[in-house]
Amino acid sequence: MDIGNRIKELRLESKITQEELAKFLQISTQAVSKWECGGAPDLELIPKIASYFNITIDYLFDISVQNYKDMEQRICNYISSLPTEEDRFYKMHEIVYLMSIAAFSHFNIKEYVYKKILESEKNYYSLCNVESGFAFTSLNKENPFYLLFPKPLNNKYDGVISSKDKQLEFLKELANEDFYDVLVYINSRVNKSFTAQLIKRELGIDDDRANEIINALSRYGILDVIELELNEEIIKTYKLNDSPMIVAMFAVLDVVVNRPNCFYHYVNNKNGEYFENRKEGKND
């Protein structure tokens, strides 16, 4: 099958008009029509067409893959070939979502069209929770993310609670609305130095409390303290240690407090036992 016919087949299967495909590719409808009558798209459009239809470039050219040798490299090459950074991130999200399903069972990829699920009015999620680990995907267009936790070598997840005291201390701080607001605020502005006066002015927090919050954020390494000497006076300024883990924390908290109930794929074959039974350990 030539590439023009393959594009026509994919377009009809997806119920996409020539006008819609042309608009996405930023070309004329006549160009799409020409391909489907025996022509072929320019090479620079090939990755974008493959991405649009959620297929590989090999499939687009009707090339069968008979073995999985160097498959990891092929996947990496495919992702890096996508035209924009945004395309690459969404393709990574799509691939890890599909891999989490494939880890449990065979499935028809056409039943899990990532783009349509993500753009749905419903907020879908996916969970694969088995003895070997768990994978959770948020397909919520306002909060898309993916978590993968392979089973640790010791079979338990106790490593994530090894800093229990420090975590509890941080959560006590986070339970204060002004601390929460400051954490969100400093992660919402261009990363440049500021003083406690900014927090006071922008969030209406008094001097003492602003300094308490800043000192707490500094203890956790979220802020760096920079001392400047001005007219023989030391002025403290602060700079955010940019970390996407703050966003990840809020994303996970959102799912914890708003338990998902709309799953596009759901496998849950594990019965708790994520941590060592410490009470039983004490009785041994």
From the list Ala103, Ala40, which residue is surrounded by 13 or more Cβ atoms within 10 Å (Cβ to Cβ) and out of contact with any helix residue (DSSP H, G or I) (no Cβ under 6 Å at 6 or more places or on another chain)?
Ala103
Within the stretch 119-140, can you find the residues that are surrounded by 14 or more Cβ atoms within 10 Å (Cβ to Cβ), not small (Gly, Ala, Ser) and not in a strand (DSSP E or B)?
Asn123, Asn140
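To keep it simple, each residue is scored yes or no on (1) out of contact with any Pro (no Cβ under 8 Å at 6 or more places or on another chain); (2) in a helix (DSSP H, G or I); (3) modelled with pLDDT of 80 or more.
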{"residue": "Asp58", "(1), (2), (3)": "yes, yes, no"}
{"residue": "Ile63", "(1), (2), (3)": "yes, no, no"}
{"residue": "Ile79", "(1), (2), (3)": "yes, yes, yes"}
{"residue": "Asp87", "(1), (2), (3)": "yes, yes, yes"}
{"residue": "Lys91", "(1), (2), (3)": "yes, yes, yes"}
Looking at the stretch 167-212, which of its residues are in contact (Cβ under 8 Å) with a residue 40 or more places away in the chain, farther than 15 Å from Leu240 by Cβ and surrounded by fewer than 15 Cβ atoms within 10 Å (Cβ to Cβ)?
none
When the stretch 23-52 is checked residue by residue, the ones that are modelled with pLDDT of 90 or more, farther than 25 Å from Lys110 by Cβ and within 29 Å of the chain's Cα centre (by Cα) are Gln26
Quick check on Lys116: is it over 30 Å from Gly204 (Cβ atoms) and either out of contact with any helix residue (DSSP H, G or I) (no Cβ under 9 Å at 6 or more places or on another chain) or in a helix (DSSP H, G or I) (or both)?
yes
Regarding Pro144, is this residue loosely packed, with under 14 Cβ neighbours inside 10 Å, closer than 20 Å to Tyr97 by Cβ and either at pLDDT below 95 or not basic (Lys, Arg) (or both)?
no
Residues that are of a type in the set (Lys, Arg) and out of contact with any Gly (no Cβ under 9 Å at 6 or more places or on another chain), at least 3 per element: which helices (runs of 4 or more DSSP H) completely within the stretch 158-275 meet that?
164-174
With the condition kept exactly as written, say whether any residue in the stretch 53-66 is of a type in the set (Gly, Ala, Ser), more than 27 Å from His265 (Cα to Cα) and more than 24 Å from the chain's Cα centre (by Cα).
yes
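Residue-wise test of (1) in contact (Cβ under 8 Å) with a residue 12 or more places away in the chain; (2) under 20 Å from Phe149 (Cβ atoms); (3) basic (Lys, Arg).
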position: Thr84; (1), (2), (3): no, no, no
position: Glu111; (1), (2), (3): no, no, no
position: Lys116; (1), (2), (3): no, no, yes
position: Glu131; (1), (2), (3): yes, yes, no
Of all residues in the stretch 220-249, which are under 30 Å from Glu121 (Cβ atoms) and in contact (Cβ under 8 Å) with a residue 12 or more places away in the chain?
Ile246, Val247, Ala248
Mind checking which residues of the stretch 253-267 are in contact (Cβ under 8 Å) with a residue 40 or more places away in the chain, surrounded by fewer than 16 Cβ atoms within 10 Å (Cβ to Cβ) and farther than 13 Å from Glu142 by Cβ?
Cys262, Phe263, Tyr266
Residue that is farthest from Lys115 (Cα to Cα), among those in the stretch 11-29 that are part of a helix (DSSP H, G or I) and among the polar types (S, T, N, Q):
Thr29
For Asp70: the one exception among (1) more than 27 Å from the chain's Cα centre (by Cα); (2) over 17 Å from Val113 (Cα atoms); (3) modelled with pLDDT under 90
(1)
Out of Ile27, Ile7, Ile49, Ile16, sole residue that is within 23 Å of Ile75 (Cα to Cα), out of contact with any helix residue (DSSP H, G or I) (no Cβ under 6 Å at 6 or more places or on another chain) and either touching a residue at least 12 places away in the same chain (Cβ under 8 Å) or not aromatic (Phe, Trp, Tyr) (or both):
Ile49
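The values are calculated or read from the model by the stated rules, or taken from the named source; none is laboratory data. Just so you know, these numbers come straight off a predicted model, no measurement behind them. All Cβ positions, even for glycine, are placed from backbone atoms using ideal geometry, and neighbour counts span all protein chains on display.
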